[in-house]
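Beneath this line is the structure, given in structure tokens, with notes to follow.
The values are calculated or read from the model by the stated rules, or taken from the named source; none is laboratory data. Here the structure is a predicted model, which is why all the values come from computation and not from measurement. Virtual Cβ from ideal backbone geometry, glycine too; neighbours counted across all protein chains shown. The area values use the complete protein model at the heavy-atom level, side chains included, leaving out ligands, DNA and RNA. Shrake-Rupley method; radii C 1.70, N 1.55, O 1.52, S 1.80 Å.
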Amino acid sequence: MEGRTLFHVNSTATGGGVAELLSSVLGYLLGANIQSRWLVVEGTEDFFVLTKRIHHLLHGKEGDAGDLGPAEAQLYTSALTAELPSVSAHVKPGDVVILHDPQVVGLAPHLREMGASVIWNCHVGADVANGECRRAWEFLLPATSSAHAQVFSRAQYVWEGLNREKVVVIPPCIDAFSPKNQALDPDQARRILAASGLFVTPGGPEGREGREGPGGPEGLDGRSDEKATFTRIDGSVGKVRHAVRVLGTSALPPEAPLVTQISRWDPLKDHAGVAKFFAEAVPPEVGAHLVLAGPSPDAVADDPESVATFDELGTCIASLPEEARSRVHVACLPMDDIEENAAIVNALQRYSDVVVQKSLAEGFGLTVAEAMWKGRPTVATSIGGIQDQISHGLTGVLIDDPEDSRAFGKAVTDLLCDRDLSNDLGRAAHRSVVDNFLAPRYLGQYLELVETVLTA
């Protein structure tokens, strides 16, 4: 890579797994003296509606049932052509460019003509290909095939029609040292959550006996707590200054057992399904509360469905019985400071008794690995990359049918009531992430691929 720059290109700087992955792993490359840059395309609203349609189709879902015809091809090409002057101002012949997901793969032919080596990384797919998948493949295949190599996060996601000699499977990773995954002691996690406003009581978070020992300090009064700190990527100390917007009919008791699902507001994450199974199948006498957390719904530039999905979730929760509504809380996490946002997610996962990921479809779902890294027992759908991360009964619990509310409810209830089982699963989960899903493994595989492309 001497004399070359390694570029990553995607469609949003914040929100979603790719943006989080890039914000963490690029530092490792720079630390290894590999010149690295990150470019983000600026598409139109119509462009992102189209690419969200493709996103659903690649998952094998119908999405908005819209067309992928000549008009859509023209829209897609025009939007990316408008980005070429900005891209060409940075990328030079001999550079290596990694394009992430369907939003930007249309740049591949142009970058190759410019003399760059091009790798396309597809982070999404379906366990079993169907007609919806093939519609998206046909639409994108000319651009995809022009890349020097194609990377998929799972072998099951590899498309038909590609040259298999150019295909590599590289699962994604988490960064153990990022604000989202760095070590937090229980006191620090409680202070971060209280300072964010997720829960505030007159005397601060109550002492909660349990897996992590006695409760935290007295006297927290929300965002005035100067000890609600985390370590930023550059090593400086960050403080929680922005508030979580919490929607719920009652306050979240800091001493209550906590079940969480954290993901952006995408219909494939099935937040409403989580609320329903929690209300119907987790007995009130367990005393647990549910937090459904995600970024502010208008903060993810490349996801036009966020606001509608969030509004539908509100309607769903409003329809629940009053007792159930009092135990369900929706948290919009502030996006003003991305590292602060990550620290709040970190604290929320570490404070949780059980983490859920009830996806209807999933590319890889690194939220699961994040929870496992923190030793949290996790209940998730046996779908997509989730099943690559959890070994059922050993490092977590997998539910085969995402619509089986009773199974989800029973699994969550069992873990809330059996602390020994929860702790055993959590410890095994952490060990699994150490072995399989940290940055050195991911970057090592990627650099091997870059070397192969450059010496071919």
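Screening the stretch 145-161 for residues that are out of contact with any strand residue (DSSP E or B) (no Cβ under 6 Å at 6 or more places or on another chain) and closer than 21 Å to Thr455 by Cα and picking the one that is least open to solvent (accessible area, probe 1.4 Å) gives Ser146.
Of the residues making up the stretch 77-117, those that are within 23 Å of Gly363 (Cβ to Cβ) and either basic (Lys, Arg) or in a loop (DSSP other than H, G, I, E, B) (or both) are Asp101, Pro102, Gln103, Val104. Does the stretch 362-381 include one or more residues that are in contact with an Asp or Glu (Cβ under 7 Å, 6 or more places away or on another chain) and open to solvent by 10 Å² or more (accessible area, probe 1.4 Å)? Among the residues of the stretch 362-381, not one is in contact with an Asp or Glu (Cβ under 7 Å, 6 or more places away or on another chain) and open to solvent by 10 Å² or more (accessible area, probe 1.4 Å), which makes the answer no. Kindly provide the set of residues from the stretch 86-112 that are over 18 Å from Ala143 (Cβ atoms) and either of a type in the set (Ser, Thr, Tyr) or touching a residue at least 24 places away in the same chain (Cβ under 8 Å) (or both), ordered by number. Passing the criteria: Ser86, His90, Lys92, Gly94, Asp95.
Being out of contact with any helix residue (DSSP H, G or I) (no Cβ under 7 Å at 6 or more places or on another chain), of a type outside the set (Gly, Ala, Ser) and crowded, with 17+ Cβ neighbours inside 10 Å narrows it down to one of Leu425, Leu415, Leu454, Leu447, so name that one. Quick ask: steps written out before the conclusion?
Details: Leu415 fails: out of contact with any helix residue (DSSP H, G or I) (no Cβ under 7 Å at 6 or more places or on another chain); Leu454 fails: crowded, with 17+ Cβ neighbours inside 10 Å; Leu447 fails: crowded, with 17+ Cβ neighbours inside 10 Å.
It is Leu425.
Screening Pro109 against (1) of a type outside the set (Asp, Glu); (2) closer than 12 Å to His59 by Cα; (3) surrounded by fewer than 24 Cβ atoms within 10 Å (Cβ to Cβ); (4) touching a helix residue (DSSP H, G or I) at 6+ places or on another chain (Cβ under 7 Å) leaves a single unmet condition, (2). (1) in contact (Cβ under 8 Å) with a residue 12 or more places away in the chain; (2) of a type in the set (Gly, Ala, Ser); (3) under 30 Å from Gln35 (Cα atoms): which one isn't true of Ser405, the others all being true? The number of the failed condition is (3).
Determine whether Ala275 is in a helix (DSSP H, G or I) and either within 22 Å of Glu370 (Cα to Cα) or in contact with a Leu (Cβ under 8 Å, 6 or more places away or on another chain) (or both). Working first, answer last.
Values: in a helix (DSSP H, G or I): yes; either within 22 Å of Glu370 (Cα to Cα) or in contact with a Leu (Cβ under 8 Å, 6 or more places away or on another chain) (or both): yes.
Against the criterion (in a helix (DSSP H, G or I) and either within 22 Å of Glu370 (Cα to Cα) or in contact with a Leu (Cβ under 8 Å, 6 or more places away or on another chain) (or both)), Ala275 qualifies.
Those helices (runs of 4 or more DSSP H) of the stretch 358-456 in which at least 1 residues are within 19 Å of Lys276 (Cα to Cα), considering only elements entirely within it, cover 405-417. Look through the stretch 64-76, keep the residues that are open to solvent by less than 40 Å² (accessible area, probe 1.4 Å) and outside any helix (DSSP H, G or I), and return whichever of them is nearest to Leu360 (Cα to Cα). Restricting to residues being open to solvent by less than 40 Å² (accessible area, probe 1.4 Å) and outside any helix (DSSP H, G or I), the top hit is Gly66.
For Phe177, the requirement of being part of a loop (DSSP other than H, G, I, E, B), of a type outside the set (Gly, Ala, Ser) and open to solvent by less than 30 Å² (accessible area, probe 1.4 Å) is not met.
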